[in-house]
Amino acid sequence: MSHIEQFCESAIAKGDGTSLNDSEHFDKMQEAITHIKELPNLIPLLNHKNEWVVCWTASHLLANGYSSEALKSLNKLATGSGIASFSADITIQEYKRGCFKSPFG
C-alpha cells in the first residue's frame, strides 16, 4: 500500500474523530504524510470522493504553502452540511486569523 493510500484509508476511518480507534487512525495518517515528501502529489486528493480525505489533505496543504488550492477545496466543502463542512469552515477561520498550523505538526 502506498503512503497516499494509507493516508486516505486512515482519513476515512478516522472521519469525524468519534471512532474507538481515533488516535490510531490519526497516527497512521501522520505517519503516511511524513513519508510524502512531494506535497504536489497530495493535490489530486483535494478532489477525492470522501470529504474527510479532502478536509485533512486541504488542512495540511494550507499550512504548507498551497493556500489557493486548499482554500478552494475547503470553501467548497464548507458550503455543505455536516461535521466535515463545519470542520472546513473552522479551518478557514483559523487560517484567516493567522493561527492555523498543519494538524500533522
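The values are calculated or read from the model by the stated rules, or taken from the named source; none is laboratory data. Quantities reported herein were computed from a predicted structural model and do not represent experimental measurements. Glycine gets a Cβ as well: all are built from the backbone with ideal geometry, and neighbour counts include every protein chain shown.
For the reader, a short list of remarks on this structure follows.
- Matching residues, the stretch 29-62, being part of a loop (DSSP other than H, G, I, E, B) and modelled with pLDDT under 95: Ile36, Lys37, Glu38
- Subset of the stretch 63-75 [among the polar types (S, T, N, Q) and either part of a loop (DSSP other than H, G, I, E, B) or surrounded by 15 or more Cβ atoms within 10 Å (Cβ to Cβ) (or both)]: Asn64, Ser67, Ser73
- Considering residues of the stretch 80-103 that are in contact with an Asp or Glu (Cβ under 9 Å, 6 or more places away or on another chain) and among the hydroxyl-bearing types (Ser, Thr, Tyr) only, the residue farthest from Trp56 (Cα to Cα): Ser85
- The stretch 76-100, subset surrounded by 12 or more Cβ atoms within 10 Å (Cβ to Cβ) and in a loop (DSSP other than H, G, I, E, B), residue farthest from the chain's Cα centre (by Cα): Gly80
- Total residues in the stretch 4-26 satisfying the condition of being surrounded by fewer than 16 Cβ atoms within 10 Å (Cβ to Cβ) and touching a residue at least 12 places away in the same chain (Cβ under 8 Å): the figure is 1.
- Any hit, the stretch 30-38, residues being surrounded by 13 or more Cβ atoms within 10 Å (Cβ to Cβ) and touching a residue at least 40 places away in the same chain (Cβ under 8 Å): yes
- Of note, Ala58 satisfies the criterion of being surrounded by 17 or more Cβ atoms within 10 Å (Cβ to Cβ) and touching a Leu at 6+ places or on another chain (Cβ under 6 Å).
- Of note, Met1 satisfies the criterion of being exposed (fewer than 12 other Cβ atoms within 10 Å of the Cβ) and of a type in the set (A, V, I, L, M).
- Residues in the stretch 1-28 that are part of a loop (DSSP other than H, G, I, E, B) and farther than 20 Å from Gly82 by Cβ: Met1, Ser2, Leu20, Asn21.
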